[in-house]
Each structure stands twice: as C-alpha cells, then as structure tokens.
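The values are calculated or read from the model by the stated rules, or taken from the named source; none is laboratory data. None of these values were measured; they are calculated from a predicted model. Here the Cβ positions follow ideal geometry from the backbone for every residue, glycine too, while neighbour counts run over all protein chains shown.
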Amino acid sequence: MRILTAYVIGVIFGIGISISGMANPAKVLNFFDVAGTWDPSLIFVMGGALLVTFFGYRLVLPRPAPVFDSAFQLPTGKLLDGKLIGGSIVFGIGWGIAGFCPGGALPALGTGVPEVFMFVAAVIAGIFTARVVSKRLS
C-alpha cells in the first residue's frame with residue numbers, strides 16, 4: 001500500500017508539473033529572462049505550492065504519525081553552512097542554464113527528448129560527485 005500511495009502521489013505531482021509548464025524548459029527560462037521575454041506565470045505555480053504546503057503542514061502535522069510510517073521524517077538541521085549555500089547556488093545555476101528543475105525533469109522524461117535524459121544523468125552524476133567530495137573532505 002505504501003508503494004501504491006507513493007506512486008499515486010508521484011503521478012499527481014507529475015501531472016501538476018506538466019500542466020503548470022515546469023517541464024517545459026523554454027517556459028522556465030522565460031521566467032528568468034526579466035529583460036526579454038519574461039513569463040511571470042511560474043510565480044503563480046510557486047505561490048500555489050507554498051499555499052498548499054502552508055496549509056497542508058498545519059493539517060497533517062498535528063497527527064501523531066503519518067498513515068504509512070511510525071513517525072514524520074522532517075529535517076532537524078537549522079544551520080546555514082557552506083554545503084547548504086553552495087548546493088543552493090549550484091542548484092540555481094543548473095536550473096537557470098538548463099531550464100529544468102530536477103522535480104520538473106523527471107515527469108519530462110516521458111517526452112523522450114534526449115536533452116531531458118542528459119539533464120537527469122547530469123543530476124545523478126552531480127549527486128554522486130557531491131557524495132564523493134563530501135566523504136573526502138570529512
């Protein structure tokens with residue numbers, strides 16, 4: 001049941017990403033092009049996501065535990081360190097260059113466009129590279 005629930009949530013997320021245009025790199029890049037063909041529509045997508053999260057957390061977190069787990073898995077760290085800031089910068093640069101957010105790229109894999117597969121492969125390579133670098137620095 002847990003896997004089925006995760007699948008259904010993923011499908012809903014993918015449909016939302018597709019409908020909102022977040023899987024279209026041209027739309028995302030136009031959002032960043034404030035001096036040219038600026039498309040502010042993604043502000044509404046992000047604002048909608050913030051509203052759902054704001055009210056969703058208030059609705060769900062008072063429960064003693066999630067339906068399919070023994071406890072909520074929430075981040076506990078509050079430190080703004082170099083890893084967090086550096087990762088945020090790399091994430092933003094990658095999003096601005098490619099026009100894909102990793103969350104938007106996964107549903108876009110269904111289009112079969114080679115650039116999407118290259119982007120997802122680069123994200124996976126970046127994750128493994130970050131792990132190796134992090135282990136060597138520790």
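Key figures for this structure:
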{"quantity": "Val52 vs. criteria at pLDDT 90 or above and not aromatic (Phe, Trp, Tyr)", "calculated": "yes"}
{"quantity": "Checklist (1) under 25 Å from Phe32 (Cα atoms); (2) surrounded by 11 or more Cβ atoms within 10 Å (Cβ to Cβ); (3) among the β-branched types (Val, Ile, Thr) applied to Val60, failing item", "calculated": "(1)"}
{"quantity": "Single condition Leu42 does not satisfy, out of (1) under 17 Å from Trp95 (Cβ atoms); (2) more than 20 Å from the chain's Cα centre (by Cα)", "calculated": "(2)"}
{"quantity": "Odd one out for Asp69 among (1) out of contact with any Phe, Trp or Tyr (no Cβ under 9 Å at 6 or more places or on another chain); (2) surrounded by 11 or more Cβ atoms within 10 Å (Cβ to Cβ); (3) at pLDDT below 90; (4) within 28 Å of Ile3 (Cβ to Cβ)", "calculated": "(2)"}
{"quantity": "Check on Val34, among the β-branched types (Val, Ile, Thr) and in a helix (DSSP H, G or I)", "calculated": "no"}
{"quantity": "Answer residue from segment 104-138, given it is of a type in the set (D, E, K, R) and surrounded by fewer than 10 Cβ atoms within 10 Å (Cβ to Cβ) and is nearest to Val11 (Cα to Cα) among those", "calculated": "Lys135"}
{"quantity": "Selected residue [among the aromatic types (Phe, Trp, Tyr) and within 17 Å of the chain's Cα centre (by Cα)] from Phe117, Phe72, Phe128, Phe68", "calculated": "Phe117"}
{"quantity": "Test: residue in segment 30-43 that is at pLDDT 85 or above, surrounded by 11 or more Cβ atoms within 10 Å (Cβ to Cβ), out of contact with any helix residue (DSSP H, G or I) (no Cβ under 6 Å at 6 or more places or on another chain) and under 22 Å from Pro114 (Cα atoms)", "calculated": "yes"}
